[in-house]
1. Per the helix-only calculation at 222 nm, which mean residue ellipticity applies to chain C, given -39500 (n - 2.57) for every DSSP H run of n ≥ 4 and division by its residues, nearest 500 deg cm²/dmol?
2. Do you know the relative contact order of chain A, to the nearest whole percent, from alpha carbon pairs under 8 angstrom that are 6+ apart?
3. If you place +1 on the Cβ of every Lys and Arg, -1 on the Cβ of every Asp and Glu, and leave all else neutral, what size is the dipole of the protein assembly as shown about its Cα centre, to the nearest 20 Debye?
4. Using Cα pairs closer than 8 Å and at least 6 residues apart in sequence, work out the relative contact order for the stretch A:486-562, in percent.
5. With the radius of gyration and the Kirkwood radius both derived from the Cα set of the protein assembly as shown, what is their ratio Rg to Rh?
6. Looking at the protein assembly as shown, send over the antiparallel percent of its DSSP beta bridges, to the nearest 5.
7. Compare C:36, C:110, C:212 in a GNM of chain C, Cα atoms joined below 10 Å, and give the one with the largest fluctuation.
8. If you place +1 on the Cβ of every Lys and Arg and -1 on the Cβ of every Asp and Glu, how big does the dipole about the Cα centre of the stretch C:102-306 come out, in debye to the nearest 20?
Amino acid sequence: MGKKAYWLFLSMVLALGLVLTACNGGGEDVDTEGGDDADPAGEDEGEDAAEDENGEAAGEPQEGGEIIIGQPGEPNNLHSAYASDTQSTDIVRMIHAGVLRYNEDMEMEPDVAAEMPEVSEDGLTYTIELRDDVYFHDGEQLTADDVVFTYEVFLDDDYTGNRITQFDRVDHIEATDEFEVTIELSEPDAALEASALGFEIMPEHILGDVAADEQEDHEFSTSDAVVGAGPLQLAEWDHGTSLTLEAHDEYHGEGPYLDTVTLRLAEDANAILAMLQAGEVDHANIRPQDLETAEAIDGVTVVAETGYNYNYIGWNHDRPPFDDPGVRRAMTMAIDREAIIDGVLQGHAEIAHFPHHPMSWAYSDDIEEVPYDPEGAVELLEEAGFEQNEEGQMEYEGEPFSFELLTNQESHARVDWVVVVQDMLADIGIDVQTDTMEFGAYLDRIQPPNWDFDAIAGAWSLGIDPDPEPLWHSDNYEQGQNNIHYNSEEFDELAEDNRSFVDQDERAEAIQAAYAQVTEDQAYTFMYYPDIHQAHIDEIQGFQMSPRGDYFRIEEWWVEEE
Amino acid sequence: MTAYIIRRILMTIPILIGISIISFGIMQFAPGEPTALDLDPNISPEDREAQLEEMGLNDPIPVQYLRWAGNILQGDLGSSFITNRDVATMITERLPNTLVLMITSTVMTMVVAIPIGIVSAIRQYSKRDYVFTFASFFGVSIPNFWLGLMLIIFLSVQLGWFPVGGVGTLGGEFNLFDRLHHLLLPALVLATADMAQMTRYTRTSMLEVKNQDYVRTARAKGFKEGKVVYKHALRNALMPLITMFGLLLPTFIGGSVVVEQIFTWPGIGQLFLDSTFQRDYPVIMALTMFGAVLVVLGNLIADILYAVVDPRIEY
Amino acid sequence: MDENQMKQEVKPPPQVTGAETLGKHESMLSIILKKFFQNKLAVIGLIMLTIIISSAIFAPWLATHDPNATSTLDRLAPPSAENWLGADHLGRDIYSRMLYAGQMSLWVGFAAMLSATTIGVVVGSVAGYFGGWIDGVLMRVVDIIISFPSIFLLITIVSVFRPSPEMLIIVFAILSWTGTARIVRSEFLSLKKREFVLAAQTLGLPKRRIIFGHILPNAIGPVIVAATLAIGAFIITESTLSFLGLGISPPTATWGNMLSDSQDLTVFLTAWYYPLFPGLMIFITVLSFNFVGDGLRDALDPRVVEK
């Protein structure tokens, strides 16, 4: 089935999974959970009109029933501080509950918290009131101690997970009452709610005595011994086959209506599609190329959303000629992104011009859009000292323009568009070799301390907080995610301390100015925001979907009995 | 005989050592840190170094090898880099699925290949022989992922005769019929190539025996042809097949990687593939080692059986 | 390709003693050829291989399109006057791509076969001729390599290194020479005590000449058969690796990566020609190698009586 069977990674989902992994490998601080309480950037235009499917219209939710979901791969860890791949984080979100959670507009809203945190004038003190009706699956009540315990794992010197930066401005955390937590910061952090406070709360009564670095391997994190305060509890984990989740009867929010949710493991996108078609699963993620097949299945509805991620080409600014913004711009102009979206993704994507997602409050339409213009690209290259020889080959002082475009093999779509880009650049006389590597080897080549690439085709899964520094600040070259070595004093100045603006409008302005600089310099060639699709049988009501492509608000789904 | 068996067993020791060195060695050539997927580029080189140190990856390679081999001898296969689970547990929970698949395929292979091979040999150059010969070539020449996917699409998705994948219906009680229903297609695909080879082998083996003196003698003595074939020829022709199974074992294990992938069959082949893509070295090394040991044992048993059954063998 | 050439070197099989051999040389060869050409399947295989191999060699003249030129508008276009066998998921012409893919697939198959056979013949000859501890060590190495389920090693090695064509050839060769080595060794063990070898030794001929000039030609029959079958097996293995995502990187076409690119439920249901043609190409090629290999086996084996 999918050749890149890997399984792991075939599909869009898989692609997504990877993207997230990329982010992890790359540090989830760009990314990670959480959003911000700001105005939404509005609905995205999911095609295939599935909005009408969204529950409400179909009447009162019914209790009971079970569904089977096609799950692309096994979770690796069920501890919120250690889960890092999509398979894990998707399941962590069902089992556990956080202080805040994101909604369909990618904004934060209270979950275990009674209301949004109270922030002091100076932005240094966050006071969080918790609900007093939240219980873990084993019946213990969730209190301020559990929240403090969870956050302190991240602050522990022995913590071995990936997310440290989210908490780097936290000075200390304290339970000021049974249901009140106070967080003191060393300097204001506008990203706190969208990043740190989104992490799910772990039970202190179970893990309290386990050292921070041992929690990762603890049976709590790797087996059905896991206990959370989320809507579903893990009843059985049959490795390689399925995970069975059951309703948490004392769940504090709406639902859960379903009695049982079974995640059927199938790493191969073809297998999942075949199971959907054969009626063996009730819900599945669908790759864009399989959309028509899925839509043609009787009794199945496909819902679309713009994915909260983008694909890009990153140019190595340390390797000429990509140190020249003009050359990078020429590359962008020579690539017909519209054609790639139509041809490779069958139109299920949107061109990306901005370094963050259109749904984010930090997004601005007022950004330069670099058009497809191959002649313009040639002119720009000529300005940079290139010329086309008689055979049409682009040369710089007699040397042919030739470079290697590297990508990882797990995302089908990306491997495909890389081939198309190769062909498009050949049209203006640029010789591109492509190399498709296994993900680990790919990361190893492109990350510090190797930086061994001319250009990479990659994807970032976006964080709800739009902080631009991790990817592009020059400080993040030696260690960090600025592996392309974008080195712009203007950008650094514009982006620095955006997290310190407590006022969101001011912060948005700062971020947009910084992003405008990135676009002007074409640090990346931004490719597109892919759509994501989920299919489910018509009996599932109350279905909701987030741009994350996870099992969003599964506690509110219900099954209509005939 | 006992001396032969002991010698044969002793001979496997250097082989096992060689296998362990190769299993271990390959990972040493791997470019990049095994922890690349796990490490955050945001951490400082010192912390990265500390993490490598803690995992014992900075020790000299022979030290790492001895530690690894020592642990394996004690039955400790280590724990996964990715899931932190005990590797031995990961293997044992999937092994039954793979064994069921392999045994079923083996039975299918024997049931189909041996009779066909015999008929082909007895009626050499007949129409039937040509048909069977052609069919068996068909089996070795078709990529089995292609065959598998076609079977799923036509028999499972279009016609709905078989489940798409998995070892059994989820959530139900154990049900033998349901299990067999799930087993049939994957076992068939896994068996295809070997059936073909086995048919050819049986045929050749039969042809050889058919013309040997004692068979001719039996025939000359006026035994009925059927009796000649089954009593004299067949017994001798099938002996080498025991060895053949030893040789086929690696292809079954290898084939399970593809078949398990296509039919979402949670066995060790699938585990192996998952692990390679995640660079989960402890699992890869353990499984490579495990597969090879299984083959060595398979061959050992086949050789010993052969020695027991065939009186002609000298010790 | 070089079967004919190699056949020239085929000397009489072991049953015939040295003295008789000299006189009957021509007739032995003609008997072999006659036996081979009597086998209908083998002849069909040979004809098909000739066509397939020439189509790969002459790909640049036969192709109608640049095999790597994408055309997003022609995604999965059905067979037509423009794309004779349709277009793939990136709009590349399947017919042209298949011709070039043939070059790569056959090259990998032949090169891996030649390397594996060379290693196998050398190791097998040395082990068989010298015997003793040399034999012991070499055969243990063979035992070790043969014990690994080769797909495990292949997957591991290929996932660790980059799957370039040269890489695949080397890995295939390293993992596949053992069969040949065993065959050659056992032929040597039975041949080295024969009169013509003893005679050569008595005459004081150098070891190298005895091995390669006298014994080896007598052992070459089974080696040729194994080599022929191996090419087919390599082509299948390459496609399997592609299917697992470990094949030769795009955009270089091989039959294997074309077929595995098309292994997609939606493609099967909407564009049958895409999986069909590369699949058939692999199937027919491997089938032909098997036909020819089997025909050679019968022809070279004196025990197989003529019909």
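1. About -23000 deg cm²/dmol.
2. Numbers: 1305 pairs, mean separation 132.0, N = 562.
That works out to 23 percent.
3. With only Lys, Arg, Asp and Glu charged at Cβ, the dipole is about 17260 debye.
4. 20
5. When Rh is taken as the Kirkwood radius, the ratio is 1.00.
6. Working: 64 of 80 bridges.
If I count the DSSP bridges inside the protein assembly as shown, around 80 percent turn out antiparallel.
7. Most flexible of the set in this elastic network: C:212.
8. That gives the stretch C:102-306 a dipole magnitude of about 860 debye.
Laboratory data are not the source of any read-out in this text; all were calculated from the coordinates shown. Remember, it's a predicted structure, so these values are computed and weren't measured experimentally. Positions of Cβ are backbone-derived with ideal geometry, glycine not excepted, and every protein chain shown enters the neighbour counts.
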